[in-house]
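This structure is in structure tokens; I'll ask about it shortly.
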């Protein structure tokens, strides 16, 4: 494949099939496109989008060449090690693997997906804790302001009553947040243990 064709292929990959020009449709090596899609785990049905795009220019993709390239690309994609990486990255499997490769691929893919699930759950819990801790800090500042207003000499009796009520509400909110944080910290500890245990099992299995 010459440099010009490689450049066109790169432009196509970056811009997406919807932006294919007539020239791109005419010179594209459809076997290579099929290979790249297969190697990325993209279903053969994706050629429909190429057909729609190139059809606007009166050009039809070479279906046989695409399928042949796709079959070769799938052989690369469906390796067990890649299955684990796909699962661990959180990507969805589109059912492209042939029967003789799918069982091993899915075994590794499922293991990767579980690793992704545990990591994602831990990240979500960390984010929830951070968010609530910031809320807790804000309420602490609000409580300081209310306390200062409560003891200020120029605060009216009517305003003191309101401040006392607001102080109670802020204190209740702080208590709720502190309780939620403690619960989330317990969840985080559990998730860390589960993740460490799972990673250890992966080191043994893989």
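Is it possible to state the helix-based mean residue ellipticity at 222 nm for the chain, with each DSSP H run of 4+ residues giving -39500 (n - 2.57), the sum divided by total residues, to the nearest 500 deg cm²/dmol? What is it? Mind showing how you got there, number by number?
Numbers: 8 runs with 164 residues, N = 206.
So the helix-based figure for the chain works out to -27500 deg cm²/dmol.
Give the residues of region 49-90 whose amide nitrogen is closer than 13 Å to a point set 7 Å from the Cα of residue 116 in the direction of its Cβ.
Answer for region 49-90: 82-90.
Hey, quick one: spin label on residue 128, modelled 7 Å out along Cα-Cβ, who in region 162-206 has an amide N within reach, i.e. under 14 Å?
Within reach of a label on residue 128, which here means backbone N under 14 Å from a point 7 Å along Cα→Cβ, region 162-206 contributes 177-192.
Now a separate question. Post the alpha-carbon centroid distance, region 109-179 to region 74-106, in whole angstrom.
For region 109-179 versus region 74-106, the Cα centre distance is 44 Å.
Quick check on the chain: take the gyration tensor over C-alpha atoms, sort the square-rooted eigenvalues as a ≥ b ≥ c, and tell me if it's rounded (a/c under 1.5), prolate or oblate.
On the way: a/c = 5.11, a/b = 2.19, b/c = 2.34.
It is oblate, given that a/c is not under 1.5 and a/b is not larger than b/c.
A follow-up question, please. Ranking request for peptides 183-190, 74-81: highest mean number of other beta-carbon atoms within 10 Å first, then the rest in descending order.
Top of the packing list down: 74-81, 183-190.
Estimate the FRET efficiency between residue 137 and residue 21 by the formula 1/(1 + (r/R0)^6), using the beta-carbon distance for r and 41 Å for R0, to the nearest 0.05. Can you show the working numbers first?
Working: r = 55 Å, r/R0 = 1.34.
The computed FRET efficiency comes out at 0.15.
For the chain, find the longest principal axis of its Cα atoms and tell me its angle to the long axis of helix 99-151, 0 to 90°, nearest 10.
The angle comes out near 30 degrees.
Here's a follow-up. Pop a pseudo-label 7 angstrom from the Cα along the beta-carbon direction at both residue 183 and residue 49 and give the gap in nm to one decimal.
4.2 nm
Once the Cα atoms of helix 30-39 and of the chain are each reduced to a long axis, what angle between those two axes, in degrees from 0 to 90 to the nearest 10, is obtained?
40 degrees
Using only the alpha-carbon atoms, how far is helix 157-205 inclined from the longest principal axis of the chain? Give it as 0 to 90 degrees, nearest 10.
40 degrees
How do 100, 70, 116 rank when sorted from fewest to most other Cβ atoms within 10 Å of their own Cβ? Provide the component values of the computation, followed by the final result.
Working: 100 8, 70 26, 116 16.
By the 10 Å Cβ count, ascending, the order reads 100, 116, 70.
Something else now. From the alpha carbon gyration tensor of region 113-205, can you work out the equivalent ellipsoid semi-axes (sqrt of 5 times each eigenvalue) and give them in Å, largest to smallest?
Numbers: eigenvalues 400, 16, 13 Å².
The three semi-axes for region 113-205 are 45, 9, 8 Å.
A short reminder: the numbers here are calculations on the coordinates, not readings from a lab. Nothing here was measured: the structure is a model prediction, and the numbers come from that model. Glycine also receives a Cβ, built like all others from the backbone with ideal geometry; neighbour counts cover every protein chain displayed.
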